[in-house]
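Note sheet for the following structure.
The values are calculated or read from the model by the stated rules, or taken from the named source; none is laboratory data. None of the values given here were measured: they were computed from a predicted structure. Glycine also receives a Cβ, built like all others from the backbone with ideal geometry; neighbour counts cover every protein chain displayed. The area values use the complete protein model at the heavy-atom level, side chains included, leaving out ligands, DNA and RNA. Shrake-Rupley method; radii C 1.70, N 1.55, O 1.52, S 1.80 Å.
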Amino acid sequence: MPDSLVHLFRRLQSGVGELGDALLGDRAERALDQDIRATDDALREARADAAALKAKRIGSEDAVRRAREQAREREAEIAALLARRRKTAAREQAALLLDIRHRLAELEAQAAEDAQAEERLAHLAEQLEHRLRRLKHQLGTLRASVSIQRAQEAVAKRGNEPPQPEPAQAARKRAGGTRTGASTHPATAAAPDDDAVDALLRALDPHAPRPAARKQK
């Protein structure tokens, strides 16, 4: 198989692996995001139910307080009637007192049940808050991990790419600056011959004797 096809096949395999990792990361992120939304909805519902139960518990406690006041008033009235030896009237008030006490017991039981339900919902809301914070932390950690992984893959991919050709101008500049054995100073001229210098001076000196001209025969 030619080298170009081998290289292409490896690139495709690498791309498939990266796509699989990306899909897994996206799938996990979507699952966490969906869990966060569901937990947030449950938390809001729990808080709303806790607020409603709190209002109901306060109403039950108010009813218990009023029933207790009525019971004390009936007890005082019955005692006053008995003191005046009005047994028939005292007996009638005693029957009413029993009804008040029976209703008071029911109200107290209802108030206790409302308080327990409110406490359970408050505990549930606390657990949901803790779960929501943990899920958000996991989502942030996942996103950071995916970002780091993608950055590492990008760096690794750039490292496997062939180097880009160097511009011709930069190559000439680098070659000129790193040429071995080349001197950066201009070449020094060779020292002239003394006889040649003397001959040139005599030829240029107007007072120098000239050679005699040959006579024609």
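So the values come out like this:
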{"quantity": "In region 41-60, residue nearest to the chain's Cα centre (by Cα) [restricted to those that are loosely packed, with under 15 Cβ neighbours inside 10 Å and within 21 Å of residue 133 (Cα to Cα)]", "calculated": "41"}
{"quantity": "Flag if residue 142 is under 30 Å from residue 41 (Cα atoms), modelled with pLDDT of 75 or more and open to solvent by less than 60 Å² (accessible area, probe 1.4 Å)", "calculated": "yes"}
{"quantity": "One residue from 113, 106, 119 being under 30 Å from residue 36 (Cβ atoms) and open to solvent by 100 Å² or more (accessible area, probe 1.4 Å)", "calculated": "119"}
{"quantity": "Search result, residues across region 62-74 that are closer than 17 Å to residue 108 by Cβ and exposed (fewer than 15 other Cβ atoms within 10 Å of the Cβ)", "calculated": "62, 65, 66, 69, 72"}
{"quantity": "Where a residue in region 103-123 is within 19 Å of residue 65 (Cβ to Cβ) and its partner, wherever it lies, is open to solvent by 50 Å² or more (accessible area, probe 1.4 Å) and among the acidic types (Asp, Glu), with Cβ under 6 Å and at least six apart", "calculated": "111/61"}
